[in-house]
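Contents: one structure, followed by commentary.
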Amino acid sequence: MQARAITLGGQPLAGGRVPAICAPLVARTRQALAAEAAAVAAKQPDLLEWRVDFLEAIGDTAEVLDTARALRSAAAGLPILFTRRAQREGGQPIPLGEPQVLALYEAVAASGTVDAMDFEMENDGGHVARMRALTRQHGLALVLSFHDFHGTPSAQQLQERFAQAHRLGADVAKLAVMPQSMEDVHRLLGATLQASSALPIPVVSMAMGGLGAVSRVCGGVFGSALTFAVGSAASAPGQMPIEDVRAALAVLHRAAGD
């Protein structure tokens, strides 16, 4: 089946081609991030993910906003996904409590410098609802995500995570897991296929690490709308260079007659 494309600002990401390619940005200073963004943008991914939890000055809202503006300028028109990955789901430790994180999201959303925001669905229910209202207010897409860096949940649990994101008002549901076997990868891809058929929103999934690398190339065949690839530095285990992912996707598209 054809995966459902992600929509940003009323337009389909990558012109509706799936999976679209997202490249993470993990530099720790404003200057380094702008340089990283310019270098990665030259490789023409479809989306940039700013992992703000890597930013050294994350506790200084004014500096974060200045950095967001510098990133927008360096991104060469590419859309930007704003992400603070929680430490429990693989993110960096930061000197902010959750109320401060929400305030930071609000400031960035109001600045008009990003196109979408990622927030973990396991966060406090009130905080998730606040994020849903915030992104709607500013016309941003909301990605509700779940990451398991230790294993792969059961098929039923994976389905429930996708459905949970939809119930909570996600525009995109994202799951990332750590497989311990190829059976785990198979289970994730099957759950992705089922969710992409059952839910009215785009779904995104990947199995991390070396075992899961195949999911980053063939995930779109099973309904995943987005894959993550390295432009400069990886943000999760198993991410491959943009050039390699693009070449592999081109082979699959040709074989499928796309």
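The values are calculated or read from the model by the stated rules, or taken from the named source; none is laboratory data. Bear in mind that the values here come from a model prediction, so they are computed numbers and not experimental data. For neighbour counting, all protein chains shown are included, and Cβ atoms are generated from backbone atoms with ideal geometry for every residue, glycine included. Side chains are part of the model used for accessible areas, which takes the heavy atoms of the whole protein and leaves out ligands, DNA and RNA. Shrake-Rupley method; radii C 1.70, N 1.55, O 1.52, S 1.80 Å.
Side notes on the structure shown:
- A 1.4 Å probe run over the protein chains yields, for the range 61-174, 39 Å² of accessible area per residue, whole-number rounding.
- Estimated 222 nm signal from helices in the chain, with DSSP H stretches of n ≥ 4 weighted -39500 (n - 2.57), rounded to 500: -13000 deg cm²/dmol
- Percent RCO, i.e. relative contact order, over the chain, from Cα pairs under 8 Å lying at least 6 residues apart: 21 percent
- Residues whose placed amide H lies under 5 Å from that of LEU8, excluding near-sequence neighbours: LEU13
- Net lengthening on full extension, SER154/GLN137 (0.36 nm per residue, minus Cα-Cα): 2.6 nm
- Distribution of pairwise C-alpha distances over the range 29-129, 5 Å bins, in %: 2, 13, 24, 26, 19, 10, 4, 1
- Semi-axis lengths, largest first, of the ellipsoid equivalent to the range 94-144 are 16, 13, 9 Å, with √(5λ) applied to each eigenvalue of the Cα gyration tensor.
- Based on Cα contacts under 8 Å between residues 6+ apart, the range 106-195 shows a relative contact order of 28 percent.
- For ALA3, the residues whose modelled amide H falls within less than 5 Å of its own, excluding neighbours fewer than 5 places apart on the same chain, are GLY223.
- Helix 61-74 and the longest principal axis of the C-alpha atoms of the chain enclose an angle of approximately 60°.
- Expressed as a whole percent, the accessible surface of the chain that belongs to carbon and sulfur atoms is 54, based on a 1.4 Å probe.
- Our analysis of the chain gives Rg over Rh at 0.93, with the two radii drawn from alpha carbon positions and Rh computed by the Kirkwood formula.
- FRET efficiency estimate (nearest 0.05) - Cβ-Cβ, GLU98 to ALA62, R0 22 angstrom: 0.60
- Acute angle (nearest 10 degrees) that the helix 155-167 long axis makes with the longest principal axis of the chain, alpha-carbon atoms: 40 degrees
- Annotation note: GluC sites (Glu not before Pro) in the range 13-68 located in DSSP loop regions with a Cβ neighbour count of at most 15 within 10 Å are GLU56.
- J(HN,Hα) series, the range 78-94, from Karplus relation 6.51 cos²θ - 1.76 cosθ + 1.60, nearest Hz, glycine and proline x: 6, x, 10, 9, 9, 9, 9, 7, 5, 4, 5, 10, x, x, 7, x, 10
- Relative to the longest principal axis of the Cα atoms of the chain, the long axis of helix 98-111 lies at roughly 90 degrees.
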